[in-house]
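The values are calculated or read from the model by the stated rules, or taken from the named source; none is laboratory data. What you are looking at is a predicted structure, and each value in this text was computed from that prediction instead of being measured. As a convention, Cβ positions derive from the backbone with ideal geometry for all residues, glycine included, and neighbour counts pool all protein chains shown. These accessible areas exclude ligands, DNA and RNA; they are computed on the full protein's heavy atoms, side chains included. Shrake-Rupley method; radii C 1.70, N 1.55, O 1.52, S 1.80 Å.
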There are 2 protein chains.
Amino acid sequence: MRTLVLGGDGYLGWPTALHLSQHGHDVAIADNFVRRQYDHELGVHSLVPIEPLHTRVAAWRELTGKDIAVFSGDLTDAEFTYGMVRDFQPETIVHFAEQRAAPYSMIDRQHAVYTQVNNVVGTLNVLYAMGEIDRDIHLVKLGTMGEYGTPNIDIEEGYIEFTCRTWGLRATDLNQGIVYGQQTDATALDPRLATRFDYDAVFGTVLNRFVIQAVLGHPLTVYGSGGQTRGLIDIRDTVECIRLATEHPAAAGEFRVFNQMTESMSIAEIAKTIAENHGESVEVEYLEGPRVEADQHYYHVVHTGLVDLGLEPHLLSDTLLESLFAIAAAHRDRVDLAAMRPTVNWRETANPRGGSWR
Amino acid sequence: MRTLVLGGDGYLGWPTALHLSQHGHDVAIADNFVRRQYDHELGVHSLVPIEPLHTRVAAWRELTGKDIAVFSGDLTDAEFTYGMVRDFQPETIVHFAEQRAAPYSMIDRQHAVYTQVNNVVGTLNVLYAMGEIDRDIHLVKLGTMGEYGTPNIDIEEGYIEFTCRTWGLRATDLNQGIVYGQQTDATALDPRLATRFDYDAVFGTVLNRFVIQAVLGHPLTVYGSGGQTRGLIDIRDTVECIRLATEHPAAAGEFRVFNQMTESMSIAEIAKTIAENHGESVEVEYLEGPRVEADQHYYHVVHTGLVDLGLEPHLLSDTLLESLFAIAAAHRDRVDLAAMRPTVNWRETANPRGGSWR
């Protein structure tokens, strides 16, 4: 199967590309490297050091003999997108190439406009390329629920559903919960294959941040009452879900939605679990929330269709947490405490960018 | 009341500006004149001749002594939008400045991208201008249900609701039905004040097209079974609804939705009503539909909150239809038959632009 991973240099895109390559897919990656640029802009970095894409791809070839092609460019450039689809002739396109962080889009007007234009125009170009070049390609896309597990301001899904109905495209939309963890079978083969581990207030996910706070002996900071329930998923299940979705494609004209999450917990419960699992005593501290969200909202995760396709979920376990504590401990000298404080106040129309930059 | 009408040179924007001016509002219009540019692009024109905005505004001043300020520019230009809001200091912003025609957005990739960027970035800039300059401004916005009465691919509403909740903005979203008619009390004062009367396959509305077909003695062309039910509203009620919404603003932090429609009929019933009201015998012809829509979908119009605010609806009557027949008859020499044929096939990714252009 020929699979093109859009945003294949990112936190999930990279391990997904490796997982599919490992399972015999002929994989190509498209990326414009803007995720690395956000780090420079915000003055933050991944806790675990990551290699440039050319080093990653070379290491993978060296270790496995498998080639991953790279298309360097921007999906909002239609010529690039059409050219890539014509050239690589994918059977499946896995789309991780949207700006996913709600706090990033809320920094100010420019970041809101950038996020919308990047996400909407990029996805429209992909859909039109599929419509014009090959209507049989299966699109597997991460829903804008994103890693935050909260329904975001949702746009592209309407267009995707429309093009499935009108052009007969195939699409799988993955409503993804909060992803935790940093290693998959493939990335663990060599440090050069490591993926990001974000803990900053803009792109970091809450579970990763709690792990780092616990390792540093800091209180785990919960915003609001922590009563909001979130869907969760282990990064190893994320990449396996993507593989299952690609290998069991949606039918022509079908817009299929899967809930890509395997358990649900409140933020307070996540903090409690991590505090309890950590050997030394760790406190949980409740702070005023920078977001404007209902504190205890109704949350019902419909059982994911992915288990029917063969997913065997990794639930949040002591073993996983121990491995995360070890990763965080190994890189504790790289932690930038300033990066963890929320700097984007959603009630303001302009915010400092966070991290150590001002 | 200081009211800024965005898109105030258009079919509804212009009569709305006049209606508000007539009722004592201090009105300003913003427009980039792109609606007139679409006519040139598509090779079509309004059945009723319309004057340039500077002539319209001068005629209004001559007849009533009332001034309407004009801001000529594009909402996607944030500097323009912020400058205008700072300069005019509106209490209400009425927003008609989105590209509203689904068939226009479906011409090809460029038109889809243009529509999304224009609508999303334009509206984001307006919201940020309100958030930064004056959070007390009341936004009255036409929902993307638009004049077609069909739920369109909806985007901006999510952002508007979000900014109401987060920044305490006030907004009224008008879910508008198909607008019919061409004259209001104000536009009827002088031919120089006339608004557009569109009958082309891209921007025209179905009732207007049926009226012209009846006057020409052509069959009224219904696509599909005509079973789709639509909400309808007279143009005189549209402008009155806007006035009522502006003079009874939403509360701070409130995102209010009104159904701006006064009756509902199926397309086949509209055709039948027009055929019966027209003196000479007119046939109804059923053609294959260029759109991809469920033929008989569930449609339930919740009673509009606008009647509670004092709206006295004009229902589709013999008198209104007679006046429309007279308008169409007076301009029958301007009818371009080619413009009425649908040229945008939603199943294609690229379409001719319609009208007499190729």
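Between the helical axis of B:13-22 and the dominant principal axis of chain B, each derived from Cα atoms, what acute angle in degrees is found, rounded to the nearest 10?
It works out to around 60 degrees.
By its C-alpha gyration tensor, with a ≥ b ≥ c as the square roots of the eigenvalues, how is segment B:1-111 shaped: rounded for a/c under 1.5, else prolate for a/b larger than b/c, else oblate?
Because a/c hits 1.5 or more and a/b fails to exceed b/c, segment B:1-111 counts as oblate.
Quote the charge dipole size of chain B about the Cα centre in Debye, to the nearest 20; the model charges only the Cβ of Lys and Arg (+1) and of Asp and Glu (-1).
It comes to approximately 460 debye.
Using a Gaussian network model of chain B with C-alpha springs under 10 Å, which one of B:Ala326, B:Ala271, B:Ala214 is most mobile by mean-square fluctuation?
It is B:Ala326.
So how exposed is B:His40, as accessible area in Å² (1.4 Å probe, rounded to 10)?
Probe radius 1.4 Å; accessible area of B:His40 about 140 Å².
Shortest first, in nm, what separates the label point of B:Asp308 from those of the same position in the other copies (7 Å along Cα→Cβ)?
Sorted ascending, the copy-to-copy spacings read 4.2 nm.
Using a 1.4 Å probe on protein heavy atoms only, how many Å² of accessible area do B and A hide from each other, summed over both chains and rounded to 100?
Counting both chains, the buried surface is close to 3000 Å².
For chain A, modelled as a Gaussian network with Cα springs under 10 Å, which listed residue fluctuates most, A:Arg347, A:Arg86, A:Arg334?
A:Arg347
Got the B:Leu216 label distances to the other copies yet, label 7 Å along Cα→Cβ, in nm, shortest first?
7.2
For chain A, take the longest principal axis of its alpha carbons; what is the angle in degrees between that and the long axis of helix A:78-88, to the nearest 10 within 0 to 90?
70 degrees
What nm distances, shortest first, do you get from the label point of B:Gly253 to those in the other copies when the point sits 7 angstrom along Cα to Cβ?
4.8
Assuming a ≥ b ≥ c are the square roots of the Cα gyration tensor eigenvalues, decide whether segment B:183-275 counts as rounded (a/c under 1.5), prolate (otherwise, with a/b larger than b/c) or oblate.
oblate
Per residue, how much accessible surface does the protein assembly as shown expose to a 1.4 Å probe? Answer in Å², no decimals.
For the protein assembly as shown, the solvent-accessible area averages 37 Å² per residue.
Specify the angular offset, from 0 to 90 degrees and rounded to the nearest 10, of the alpha carbon long axis of helix A:318-330 from the longest principal axis of the alpha carbons in chain A.
Orientation of helix A:318-330: about 80 degrees from the principal axis.
Where the centre of each part is set by its Cα atoms, how far does segment B:187-213 sit from segment B:246-275, in angstrom?
That distance is 19 Å.
Regarding chain A, what's the average projected area of the Cα-atom convex hull, expressed in nm²?
Projected area, direction-averaged: 16.3 nm².
Given Cβ point charges of +1 (Lys, Arg) and -1 (Asp, Glu) and nothing else, what value in debye, to the nearest 20, does the dipole of the protein assembly as shown about its Cα centre take?
Around 780 debye, computed over the protein assembly as shown.
Which whole-number percent is the relative contact order of chain B (Cα, under 8 Å, 6+ apart)?
20 percent
Where Lys and Arg each count +1 and Asp and Glu each count -1, what net charge lies around A:Ala129 among other residues with Cβ under 10 Å from its Cβ?
Local charge sum for A:Ala129: 0.
State whether segment B:1-50 is rounded, prolate or oblate according to the following rule on the C-alpha gyration tensor (a ≥ b ≥ c being the square roots of its eigenvalues): a/c under 1.5 gives rounded; otherwise a/b larger than b/c gives prolate, and the remaining case gives oblate.
oblate
Using only alpha carbon pairs under 8 Å that are at least six residues apart, calculate the relative contact order of segment B:1-77 and give it in whole percent.
33 percent
Take the alpha carbon atoms of the protein assembly as shown, find their radius of gyration, then divide it by 2.2 N^0.38 Å using N residues; give the quotient.
Dividing the Cα Rg of the protein assembly as shown by 2.2 N^0.38 Å gives 1.04.
Could you compute the net charge surrounding B:Ala328? Neighbours are other residues with a C-beta less than 15 Å from the C-beta of B:Ala328; K and R count +1, D and E count -1.
Cβ neighbours under 15 Å give a net charge of -2.
Ignoring any ligand, DNA or RNA, what whole percent of the accessible area of the protein assembly as shown comes from carbon and sulfur when the probe is 1.4 angstrom?
49 percent
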